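A short worksheet on the structure shown next.
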Amino acid sequence: MKIAAVTESIDRRADWLFSLSDAIFDRPETAFREYFAAGLLCDALRREGFRVTEAIGGLPTAFCGRFGEGKPVIGILGEYDALPGMSQRAGIAHPEPVEAGAAGHGCGHNLLGVGSLAAVIAVKDYLEANHLPGTVIYFGCPGEEGGAGKGFLARAGVFDGVDCVLAWHPASLNTAPPRTSLANQQMLYEFRGISAHAAAHPERGRSALDALTLMNTGIQFLREHIPATAKIHYAVLDAGGTSPNVVQSSASAMYLIRETSQDTLEPLVQRVNQVARGAAMMTETDVTITFVKSCANLIPNRVLSDVLSRNLAQMPLPEYTAEELASAQAMKETIPTVSPLFSMAKRLGGEYARFADEHVDEPIHNILIPELPIPMVPSTSTDVGDVSWLAPTAEVQVCTACSNTVGHTWQRTAQGKSAPAHKGMLQAGKVLAGAAIDLLTDPQLAEDARREWQQQLHGRTYTPMPPEAAPGIPGSESKER
């Protein structure tokens, strides 16, 4: 009954949902500027009878849509921001931007936001048809890409009172294992020196660019002496100008620092700060260190992951035409790497290696991926982690692209309006809706998820971003369409 009801609810709205996703794809907006996408999704929620509140948590493009009354309260996360510099024409198997340097949906968030919309609508229909208590909330979360929008919403108390939270992400496979992620902090380092004529009076100059160069060099040496789980990335925002005959008086860089948890991350951030201060001391310049944003590590929850996995297994998988498979194969041939999950399966041997051998050459991994006996080491971060410190949270990955597609690539963007993308988006909506209905109709599941969550926290509490941190990504200004 549940599967049939969810499928009917979403499938009869398929064309409308496709049009919403494609419209967001065609109007890519970067972090905290997603006015078109947020407005479109708010209008869609109102059309379906949700009570919409805009500009939540002090973020103009954040919102929530609520339906129902009473407990349990189930939240479903939606994202809709694009990536700077990822402009790409849809439906072609070679890189070709719509506009050079402009934004594009290189992580599939046009699908993510609408897939979650499909889910809450199906849950609403089910609650109405069966006269059931309970509340479902769509959380419109801006600025995931480098902006940590959910961290700002968490700091503002937006997720207080939610019993469980479900999320999904476009992927090149179908899987919902309990997983974690790396905590991170993003820091801005701005050096200030003294300009001078580089030939006539070099002794009067104090080079901010020298200071930044020394910092970057110092970090390269620091990498040898940090845990293997840690990662340090950087981007130079300001090199001080274009004239080599002027001692540069300004230079800056953005650093993204990752570790397995907030506790282990903070000492590493302080070491990076010390390198910056040392570089300033060596060059007699000044450095300003600004906290930009952070993401907490994701707290895994097996109870919720199992609920998602069961629904992923219960929902019939999408079917593809010969033309769709041929297009997927053409795109796959542009991607030289193999999925890390399949590589690990090969290394494990036995049934896992046989599974990998059977499916690794398929143009689309439209299959259920078995859970591996050992967890994959996390290498990325997500602001879903901040939500997971406030309520039991789990995420499912659903296939929306050809095999081996990864995010933040032109290939991901190029497939954003494809038939597999559309079909995968609906599939994600059905899985999330099915899982939410299970939680709403079996309160014991939510209780079990909260009990496990409390055990995982083991008395630890969430550390929100400091009050001075404000939404926005310095240096991220890009060409907008």
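The values are calculated or read from the model by the stated rules, or taken from the named source; none is laboratory data. Just so you know, these numbers come straight off a predicted model, no measurement behind them. Here the Cβ positions follow ideal geometry from the backbone for every residue, glycine too, while neighbour counts run over all protein chains shown. To get the accessible areas, we keep the full protein, side chains included, count just its heavy atoms, and leave off ligands, DNA and RNA. Shrake-Rupley method; radii C 1.70, N 1.55, O 1.52, S 1.80 Å.
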In this structure, the FRET efficiency calculated for His197 and Arg277 from their beta-carbon separation, with R0 = 41 Å, to the nearest 0.05, is 0.90
Measure nothing but the geometry: give the 0 to 90° angle between the long axis through the Cα atoms of 350-359 and the longest principal axis through the Cα atoms of the chain, rounded to 10°.
90 degrees
If ligands, DNA and RNA are left out, what is the accessible area of Cys64 with a 1.4 Å probe, given in Å² to the nearest 10?
20 Å²
Points 7 angstrom from Cα along the Cβ direction at Glu447 and His94: gap in nanometres?
6.2 nm
Summing -39500 (n - 2.57) over every DSSP H run of at least 4 in the chain, dividing by its residue total and rounding to the nearest 500, the 222 nm mean residue ellipticity is -13000 deg cm²/dmol
Provide the solvent-accessible area of Asp361, counting protein heavy atoms only and rolling a 1.4 Å probe, rounded to the nearest 10 Å².
120 Å²
Work the Kirkwood hydrodynamic radius out for segment 387-481: mean of 1/r over every pair of different alpha-carbon atoms, inverted, in Å.
17.4 Å
How large is the accessible surface of His169 in square angstrom, using a 1.4 angstrom probe and rounding to the nearest 10?
40 Å²
In Å and whole numbers, how far do the C-alpha atoms of segment 165-277 stretch along each principal axis, longest first?
64, 29, 23
Ordering Glu128, Glu145 from largest to smallest accessible area (1.4 angstrom probe), what's the sequence?
Glu128, Glu145
Give me the 1.4 Å probe accessible area per residue for segment 366-411, excluding ligands and nucleic acids, in Å².
33 Å²
Per the 1/(1 + (r/R0)^6) rule, R0 = 45 Å and r from the Cβ atoms of Ser261 and Ala14, FRET efficiency to 0.05 is 0.65
Based on DSSP, what percent of beta bridges with both residues in the chain are antiparallel, to the nearest 5?
70 percent
Rounded to the nearest Å, the spacing of the alpha-carbon centers of segment 290-312 and segment 97-172 is 13 Å
Rounding to the nearest 10 and keeping the result within 0 to 90°, find how far the Cα-based axis of helix 419-441 lies from the longest principal axis of the chain.
70 degrees
Whole-percent carbon and sulfur contribution to the accessible surface of the chain (1.4 Å, no ligands, DNA or RNA) stands at 55 percent
Multiply the residue gap between Thr334 and His233 by 0.36 nm, knock off their C-alpha separation, and tell me the result in nm, one decimal place.
33.7 nm
For segment 5-140, how big is the tail of P(r) above 23 Å, as a whole percent of Cα pairs?
36 percent
Within the chain, how many Lys pairs that are eight or more residues apart, or on different chains, come under 20 Å at the alpha-carbon?
12
Kirkwood Rh and Cα-based Rg: tell me the resulting Rg over Rh for the chain, rounded to two decimals.
1.00
By how many degrees, between 0 and 90 and to the nearest 10, does the Cα long axis of helix 302-314 differ from the longest principal axis of the chain?
50 degrees
Whole-angstrom Cα spans of segment 232-291 along principal axes, big to small:
45, 21, 15
